[in-house]
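Take a look at the structure set out below.
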Amino acid sequence: MKTDKSKAAFAEAKKYIPGGVNSPVRAFANVGANPLFIDRAKGSKIYDIDGNEYIDYVGSWGPMLLGHGNERVRAAVKAAADKGMSFGAPCLAETELAKRICTTVPCVDEVRMVNSGTEATMSALRLARGYTGRNIIVKFEGCYHGHSDSLLIKAGSGAATFGAASSAGVPEDFAKYTLVLPYNDTKAAEASFEKMGGEIAAVIVEPVAGNMGVVPPKEGFLVKLRSLTEEYGSVFIMDEVMTGFRLSLSGASGRFGVDADIITFGKIIGGGMPVGAYGGRRDIMEFVSPSGPVYQAGTLSGNPLAMAAGNAQLEYLRTHAYIYEEIEKKGEYLEREFTAAAKRNGVAARVNRVGSMMSVFFADAEVTDFKTASQSDTERFKKYFNEMLKRGIYLAPSQFESVFLSGAHSDDDLEKTVKAFGEVMEIL
C-alpha cells in the first residue's frame, strides 16, 4: 500500500497549518504514522489521494450513520444550495429540524441550533449557570465535551477536589469552578453533592463515554446523577453530541430511559454537515436570548444546508427505524468475533460496545473509567491500528476513540474486518 501522495500532502500542510491538521487526532501522532489525506467517500468506503480503498469505521467521527453520500441527504443539500448558501435569517428548515428533535426526544421541549458540539456544550453550561444562579460545574474524567475553557479541565488530586487546566491558555480561575469526578463513580457524586450541592449549577456527562474509548455507564449511574440533580436543584446535562440519534431514535436518553434537563446534539443531526444544538425543558430553554437573559448567538446557526441535511437524515431514520436493530446485530457480530479471535491467540483484549459504538482495549481488566482505560496497552494498540490499516481497515487513530458502525457496512465488509482482525491477533 503506497501512501507517497499523502506523505507529501502532510509535509506541505505543515507549512501552513499548525501540525498540518485542523484537529489534533488527525495527525496520527498517537499511532506513530503519517495521516492519510482523503479524496472521496461513498457508503462504507473512503479513498485516499493515493487511490487506496478502506472500509471506514470512523464515519467522520460518528455522524455517518447511513454511510457516506446517502442519496437522500445529498439531494436535500443540493436542492438547498440551489436556493442559497446562507441567509443569516430565519428559514423554514430550522423549525422543521427543531420540531423533529422535540417530537422524537421526549425530554426536549425547545431546541437552539448552533454550529458544533463544542458550541452546544459551552452554551448549555452558560444556560445552566444563568438558570440556577450558581457557578460550579461537575464533569467526569475522560469525558470530552468540546474545547471550551470551562471543560478543558483534568482531574484534581482527589475525588471531590477541583480540577486543573489541561490546556495552555486556560486560566486556572476557570478550573476552580469545575469539579472533576471519576466516571461511573456514584459514591464520588453523592459525596460531592453532600459537600457543595447548593453551589452546583450542573452536572454534564457523556451517557456513554466515547472519548476514552467506549465506556458504558454502569447500571444505576445515570439514574443516580438524575436523582442528585433533582434533589439539589442542579441542571442535568447529557452530552449526546456522539450518541444522539445514534444509539436509538431518541438517543442514549431513550435507550437507557433517563431524562435530562438539557441534551446537547451534534454530528448526526446535520447528516455530516457542521451543526450542533442544545435543547431541553421549556422553562430552562426560555432563559435563552431573546426570550431570556442568557445570551448566545451565531450568524451561521440554522444554516440552510445543514438544516436540509439534518432533516433528510432524521426523516430517513424515522421511516427506517429498523436500521438500529440491523446495526446492533452488526455490532454484536464484530464484538463476538473480535473477542473470540483475541482469546484464541492469547491476546489480552477487552471489547466494549454499546449499539453501533465499539472499542478494543488491550487490557486484562474490565475498562469502566478513565483510570482503567489509561492502563490499557497503547503500544499494542499502535501495532494493531497500523496492521489493520495495511489490510484496508480504517480505524480511529487513537486508543481513546470509538469505532462507528453504519447502515452501509455490508456483510462482506464485516467479514473482511473480522478476517483482518484475526490475522493481526496472530502477530500481536
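The values are calculated or read from the model by the stated rules, or taken from the named source; none is laboratory data. Predicted, not measured: the structure shown is a model, and the values here were computed from it. Cβ atoms come from the backbone with ideal geometry, glycine included; neighbour counts cover every protein chain shown. All accessible areas refer to the heavy atoms of the entire protein, side chains included, with ligands and DNA or RNA removed. Shrake-Rupley method; radii C 1.70, N 1.55, O 1.52, S 1.80 Å.
Data overview
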item: By average C-beta atoms within 10 angstrom, highest first, the peptides 47-53, 96-102, 300-306; result: 300-306, 96-102, 47-53
item: Charge dipole (debye, nearest 20) of the chain; +1 at Cβ of Lys and Arg, -1 at Cβ of Asp and Glu; result: 680
item: The chain: relative contact order as a whole-number percent, Cα under 8 Å and 6+ apart; result: 22
item: Where only alpha carbons of the range 342-408 are counted, the Rg and the Dmax (Å); result: 12.0, 34
item: The range 218-272-the range 62-100 distance, computed between alpha-carbon centres (Å); result: 24
item: Share, in percent, of DSSP beta bridges within the chain that are antiparallel, nearest 5; result: 65
item: Relative contact order (%) - the range 326-428, alpha-carbon pairs under 8 angstrom, separation at least six; result: 31
item: Area accessible to solvent at residue 379, 1.4 Å probe radius, in Å²; result: 120
item: Highest average packing first - 169-175, 125-131, Cβ atoms within 10 Å; result: 125-131, 169-175
item: Dipole in debye (nearest 20) - the range 172-234, about Cα centre, beta carbon charges: Lys, Arg +1; Asp, Glu -1; result: 160
item: Over 28 Å (Cα to Cα) - which of 2/330; 14/382; 176/382; 2/45; 5/83 fall in this group; result: 2/330; 176/382; 5/83
item: Solvent-accessible area of residue 145 with every protein chain in place, 1.4 Å probe, in Å² to the nearest 10; result: 0
item: Highest-first arrangement of 364-375, 71-82, where packing means the average Cβ count within 10 Å; result: 364-375, 71-82
item: The chain, accessible surface, carbon-and-sulfur percent (1.4 angstrom probe); result: 50
